[in-house]
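First the structure, in the form of structure tokens, and then the observations on it.
The values are calculated or read from the model by the stated rules, or taken from the named source; none is laboratory data. A quick note: this is a predicted structure, and the numbers were derived from the prediction, not measured. Note that each Cβ is placed from the backbone with ideal geometry, even for glycine, and that neighbours are counted across all protein chains shown.
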Amino acid sequence: MGQIILVTGGARSGKSRFAEEYAAKYGKQVGYIATAEIYDAEMEFRVKLHRQRRPASWQTYEAPFDAHEALEKAGRGCDMVLFDCLTLYVSNLLCSLPSIDDSDYNYALAKEKMDRLLAQAKKNPGTTIFVSNEVGGGIVPENHLSREYRDIAGIVNQWAAKAADKVYLVVCGLPVDVKKLAENWEA
């Protein structure tokens with residue numbers, strides 16, 4: 001049964017760098033699942049930075065949608081898979097919808113995709129590291145799409161954290177083992 005690690009934090013907190021260093025340290029054959037699609041110069045720059053940090057020996061899988069399929073492929077030949085990132089994956093899903101107005105459908109879609117992703121990570125023999133952003137710490141966004149994204153991203157992080165064997169919160173480049181510090185609470 002595969003191990004799941006969740007690495008979360010704010011924008012530019014160092015979460016991806018920490019996840020990459022973790023994968024490089026503990027993985028022999030590393031797969032990298034990239035969820036980004038390049039639509040503008042800003043995203044092109046961000047992708048370039050990530051590519052520059054990754055060793056050439058890592059196998060990259062592009063998976064903006066149906067990422068469980070890429071995770072299954074990566075799990076066949078890799079003992080460590082780095083999935084970067086869950087929040088961009090959620091964004092891809094929401095922005096692909098013809099309408100964002102049906103919250104019931106949006107949550108159900110997110111649940112279905114995450115159930116498949118987490119089940120595949122558990123099925124894989126190695127470790128899967130999921131990177132995700134903490135996006136709900138600011139003010140309440142003024143438009144429906146932004147609120148829906150913030151809410152679903154927060155719930156996705158909760159689902160991933162519950163399934164994870166380890167959860168790291170990265171702040172100012174410093175990883176904190178959240179599950180180790182968390183109170184064992186069953187409601």
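Looking at the stretch 1-84, what strands (runs of 3 or more DSSP E) fall wholly within it and have at least 2 residues that are surrounded by fewer than 15 Cβ atoms within 10 Å (Cβ to Cβ)?
Once the strands (runs of 3 or more DSSP E) in the stretch 1-84 are filtered for at least 2 residues that are surrounded by fewer than 15 Cβ atoms within 10 Å (Cβ to Cβ), what remains is 59-62.
Can you tell me which residue among Pro141, Pro125, Pro98 is part of a loop (DSSP other than H, G, I, E, B) and surrounded by 13 or more Cβ atoms within 10 Å (Cβ to Cβ)? Can you show your working first?
Numbers: Pro125 fails: surrounded by 13 or more Cβ atoms within 10 Å (Cβ to Cβ); Pro98 fails: surrounded by 13 or more Cβ atoms within 10 Å (Cβ to Cβ).
After applying the criteria, what remains is Pro141.
Which condition number does Thr87 fail, the rest of (1) crowded, with 18+ Cβ neighbours inside 10 Å; (2) at pLDDT below 95; (3) not aliphatic (A, V, I, L, M) being met?
The single condition Thr87 does not satisfy is (2).
Working only within the stretch 42-63, note down all residues that are in contact with a strand residue (DSSP E or B) (Cβ under 8 Å, 6 or more places away or on another chain) and closer than 20 Å to Ser96 by Cβ.
Of the stretch 42-63, the ones in contact with a strand residue (DSSP E or B) (Cβ under 8 Å, 6 or more places away or on another chain) are 47, 50, 54-55, 57-63.
Listed by number, the residues that qualify are Val47, Tyr61, Glu62, Ala63.
List the residue pairs whose Cβ atoms are under 6 Å apart, where the first residue sits in the stretch 135-164 and is farther than 15 Å from Val90 by Cβ and small (Gly, Ala, Ser), the second is in a helix (DSSP H, G or I) and at pLDDT 95 or above, and the two are 6 or more positions apart or on different chains.
Going by the 6 Å Cβ cut-off, the qualifying pairs are Ala163/Leu118.
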